[in-house]
1. Out of all the residues in the stretch 304-330, which are open to solvent by 40 Å² or more (accessible area, probe 1.4 Å), over 12 Å from M247 (Cα atoms), part of a helix (DSSP H, G or I) and touching a helix residue (DSSP H, G or I) at 6+ places or on another chain (Cβ under 7 Å)?
2. Within the stretch 163-194, take every residue that is within 14 Å of L117 (Cβ to Cβ) and aliphatic (A, V, I, L, M) and give me the one that is surrounded by the most Cβ atoms within 10 Å (Cβ to Cβ).
3. Restricting attention to the stretch 346-356, does a residue exist that is polar (S, T, N, Q) and closer than 22 Å to N243 by Cβ?
4. Looking at E263, E290, E283, E301, can you tell me which residue is open to solvent by 20 Å² or more (accessible area, probe 1.4 Å) and either at positive phi or under 30 Å from the mean Cα position of the chain (by Cα) (or both)?
5. For the stretch 137-162, which residues satisfy the criterion of being crowded, with 24+ Cβ neighbours inside 10 Å, hydrophobic (A, V, I, L, M, F, W, C) and within 20 Å of the chain's Cα centre (by Cα)?
6. Suppose the filter is in contact with an Asp or Glu (Cβ under 8 Å, 6 or more places away or on another chain), at pLDDT 95 or above and either in a helix (DSSP H, G or I) or within 30 Å of H331 (Cα to Cα) (or both); does I207 pass it?
7. Starting from residues that are in a strand (DSSP E or B) and in contact with a Ser or Thr (Cβ under 7 Å, 6 or more places away or on another chain), keep the ones in the stretch 44-63 and report whichever is farthest from H110 (Cα to Cα).
Amino acid sequence: KLPVFYANIVLLNVSNLPFRLQKLKEMFISKFGSAPKFYARAPGRVNLIGEHIDYCGYAVLPMAIEQDILIAVEPVQTQVVQLANTNSSYLDFTTSVNNIQINKTKPQWHNYFLCGLKGIQEHFGLNNPTGMNCLLDGTIPPSSGLSSSSALVCCAGLVTLRANGKTLSKVELAEICTKSERYIGTEGGGMDQSISFLAEEGTAKLIEFSPLRATDVRLPSGATFVIANSCVEMNKAATSHYNIRVMECRLATKLLSKSKGLEWKKMLRLHDVQTKLGVSLEEMLTIVEEVLHPEPYSAEEICKCLGITLEELRSQILSQNMQDVSTFKLHQRAKHVYSEAARVLEFKKICSEAPANALQLLGELMKQSHISCREMYECSCPELDRLVDICLQFGAIGSRLTGAGWGGCTVSMVPTDKLNTFLKNVKKAYYQTDGQRLAVENNSLFATKPGRGALVFVEA
């Protein structure tokens, strides 16, 4: 394996720096009084299918997008990190590299940088880490479900690695950044960080876990994927929605395992149950119907099913921020996960075999995915549902929410020959009927294609 720097380094001619980098360099010099020594970039992503199943152990199917986090960096002799942002609404931040404090109660932008910084420091046990001046520029809409937070964590990890003269493989970097983002309280599964590092231009990826690996998925010709922002912001770390779903899946894992005589105390993910039983996803759906009832479970009922006390549930299973949650929907969450995992595999199979009606088949899977997210996982919102309906009305073959949900974006598959008409009609129907949406429409609706993963730029 080549270290990420040697495999993915770009040398830039000083006299021909791309415009955005040149502008970032000029702002850096104005801010810090000296020039950056290198730049790092990490892309956002759009998940085509496979929502809320990575933390359950199942494969997902995302691709990197053009929008990204870009950081200009100058290593310094003092053990201080100074962070600044080209967007003046994000305040400057300074801290000692030997005293990293991450505030889980306030998911501010600099805390995501600190996650990546701390993850690399702890991995290598750095006693005297290098200080840095950093200027960040981001083009991923914040809280939009396109992985702006994880891209920042990944970019910060890459920056820290480079500044301290260390090397890692892309897979190792992805795994470290997945773990380090949990410092801010988000119990993510690893999709965002994995695609940010492992993406390649021109292909989506099937991302599998345990062990982490990525397989090329060639998307069918004749269709374009379009991202549309609902303009409802949702920050995973700022609400409990996301972590409650993680916990509901964990509890469903425990109850399913106990019902089948497995060592339920050791079981954490729904994928583990399927693996231990050696059955298909379809058979797991049957088991869910047999074992779990659709009515919400109280904490007391879960304790009775598992034969434990309420104190044991809270101290041994529930995370610290879940102590006050009183009811859990286990049947619906497990049903979504197993059916969505099957849709991901079917999506990849269709892309590989490329039947004549591939676009229609893929579109149907996307529609099914959104229905399941809306009804079984309850991670949609009225604006997302309306946007999906509008996209389907104006020619999308398939459309669904993408990312955590509760706001953020939809992704739609549109016949390429109908793209311009589609964009025009969706703009008129969703954005131009609302003053706030109209103000941001140019950055809220765009066609996309698979982009490249994280990399470092050094001036030649």
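1. Within the stretch 304-330, C305, L310 meet the criteria.
2. L173
3. No, every residue in the stretch 346-356 fails to be polar (S, T, N, Q) and closer than 22 Å to N243 by Cβ.
4. On inspection, the qualifying residue turns out to be E283.
5. L146, A151, L152, V153, C154, C155, A156, L158, V159
6. Against the criterion (in contact with an Asp or Glu (Cβ under 8 Å, 6 or more places away or on another chain), at pLDDT 95 or above and either in a helix (DSSP H, G or I) or within 30 Å of H331 (Cα to Cα) (or both)), I207 qualifies.
7. I49
Okay, residues lined up against (1) in contact with a helix residue (DSSP H, G or I) (Cβ under 9 Å, 6 or more places away or on another chain); (2) assigned to a loop (DSSP other than H, G, I, E, B):
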| site | (1), (2) |
| --- | --- |
| S221 | yes, yes |
| E233 | no, yes |
| I244 | yes, no |
| A252 | yes, no |
| S257 | yes, no |
| L262 | yes, yes |
| E290 | yes, no |
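The values are calculated or read from the model by the stated rules, or taken from the named source; none is laboratory data. Keep in mind it's a predicted model, so treat the numbers as computed, not measured. No Cβ is skipped: glycine too gets one built from the backbone with ideal geometry, and neighbour counts run over all protein chains shown. With ligands, DNA and RNA removed, areas are computed over all heavy atoms of the protein, side chains included. Shrake-Rupley method; radii C 1.70, N 1.55, O 1.52, S 1.80 Å.
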